[in-house]
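Visitor: Got a structure here, written out as C-alpha cells. Questions coming.
Every number here is computed from the coordinates shown, using simple stated rules; none is lab data. In this text the structure is predicted, and so the values were computed from the model without any measurement. For neighbour counting, all protein chains shown are included, and Cβ atoms are generated from backbone atoms with ideal geometry for every residue, glycine included.
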Amino acid sequence: MTPMFFAVLATAAILGACATEVVRRPTEISPSSASHPLVATGASSFTLDSGYSRSIAAGTEFMELGRIGEGRVLKPLKAVFTVEGAHMHEAYPVESGGRLVGFYLPVERSFSPLSRPVDLVLERKPE
Amino acid sequence: MNCTKLLPALLLSLAIAGCASGPKHSELASAIPALKAGEGRIYFYRSNSMLGAAVQPTVSLNGNVVGDSKPGGFFFVDAKAGPMEVTTATEVEKKLTFTLEPRQTRYVRTVIGMGVFMGRVYPELVDPTEGEAELRQMSYIGSALKK
C-alpha cells in the first residue's frame, strides 16, 4: 500500500467526520383528513445537499399525513426514509405538483428542502 | 516467533472474542414480553462483521445508556411513544432521530464506519422487513428475560 493510499484514506475519513448538518427550517403541519393510501408509480433517485444518495422505489405506499407550506407530507406505510448529514433523521417526503420538493422531519418538526426536486408521481392505491 | 503470522491470528482471535454469543431471536420469542399500553419497541442490532469488531461503544436512547453495540448482537428497549434520539459513543457522535408510535416496532442497526484514528459506529433506521430478517441471525445480548 502506497503513501497515496493512506493519504486518500485519511482524507476520506476527515471529510466523513466533517459532514454538514442537514439544512432545515421549522414548520407547522396541518393534519390531513385524507385516508386513502397513495402509491409511487415510478422510482425516484436523488442526492441530498449533504452528498448522500437516496431513492424512493416504485410501489412505495404513503399516507398523506398533512400539509406544510411547501406541499403535502407523505408518511411511508411500510418503509422508512432518512436524510443524513452530520446526523441522521427520519424524514417524510414532501410532494408538490408531482415533484418531490423536500422532507418533513417529524422529530425536529422542520422542513428540509431538496435543491434539485425530482419527479414523484403518485396515484391512489387500487381498492 | 514470526510476527507476520502471529499478528493476523491475534487479530482474528480478538475479533471472535468480541462477537456476541447469546441465544438467537427465535429461541427467545416466547420470553419476549408483550408491549404495555402506550409503548413501542426498538430493536438495536449490529451485523456480525469482523471489520472494526473491537470497537464496541455504548448505545444511548434519549440520553440514557441502553446497551452496547457488539457484532452479531441484539437487544431491545420498550419505550413510551414519542420522539427518540439514539447516539453511540465513538470518536465522532452521530445521532439518529425518529418517532416511535404506540405498539410500533422499530429497528436500529449500528454500523461501523471509517474514522480518523479508529472505526466509528453510528446508528441507522432500518425498514421493518429488513430489520426483522437480519434480527434472525443475531444473538441476544440484553438483560436476562423472565421465561
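Visitor: Any idea what angle helix A:3-17 forms with the longest principal axis of chain A, computed on alpha-carbon atoms, 0 to 90 degrees, nearest 10?
Guide: Rounded to the nearest ten degrees, it is 40.
Visitor: Quick check: net charge around A:ARG54, other residues with Cβ under 14 Å of its Cβ, Lys/Arg +1 and Asp/Glu -1?
Guide: Working: positive: A:ARG116; negative: A:ASP49, A:GLU84, A:GLU90, B:GLU124, B:ASP127.
In short, -4.
Visitor: Then there's this: For A:LYS125, which aspartates and glutamates qualify as cross-link partners when the Cα separation must be under 17 Å and same-chain residues fewer than eight apart are set aside?
Guide: Partners found: A:GLU61, A:GLU64, A:GLU95.
Visitor: Cross-chain or 8 or more residues apart, Cα under 26 Å: how many lysine pairs in segment B:39-147 fit that? Count them up, please.
Guide: Within segment B:39-147, the lysine pair count is 9.
Visitor: So what are the ³J(HN,Hα) numbers for segment B:30-46, from phi and the Karplus equation (6.51, -1.76, 1.60; θ = phi - 60°), rounded to whole Hz, Gly and Pro as x?
Guide: Computed from phi, the couplings for segment B:30-46 are 6, 8, 6, x, 6, 6, 7, 4, x, 10, x, 10, 10, 8, 10, 8, 9 Hz.
Visitor: Here is a follow-up. Average partner chain C-beta neighbours within 10 Å, per residue of A:89-98?
Guide: Mean shielding by partner chains, rounded to a whole number: 2.
Visitor: Moving on. Order of B:80-89, A:34-43 by packing, highest average Cβ count within 10 Å first? Intermediate values should be presented prior to the final figure.
Guide: Numbers: B:80-89: 17.6, A:34-43: 14.0.
In decreasing order of mean packing, B:80-89, A:34-43 become B:80-89, A:34-43.
Visitor: Relative contact order for segment A:3-124 using alpha-carbon pairs under 8 Å, separation at least 6, rounded to a whole percent? Let's see the in-between values first.
Guide: Values: 262 pairs, mean separation 32.2, N = 122.
The value is 26 percent.
Visitor: Something else: Through the Karplus equation 6.51 cos²θ - 1.76 cosθ + 1.60, θ set to phi - 60°, convert the phi angles of segment A:91-104 into ³J(HN,Hα) values in whole Hz; use x for Gly and Pro.
Guide: Ordered by residue, 3J(HN,Hα) equals 9, 9, x, 10, 10, 8, x, x, 10, 7, 9, x, 9, 9 Hz.
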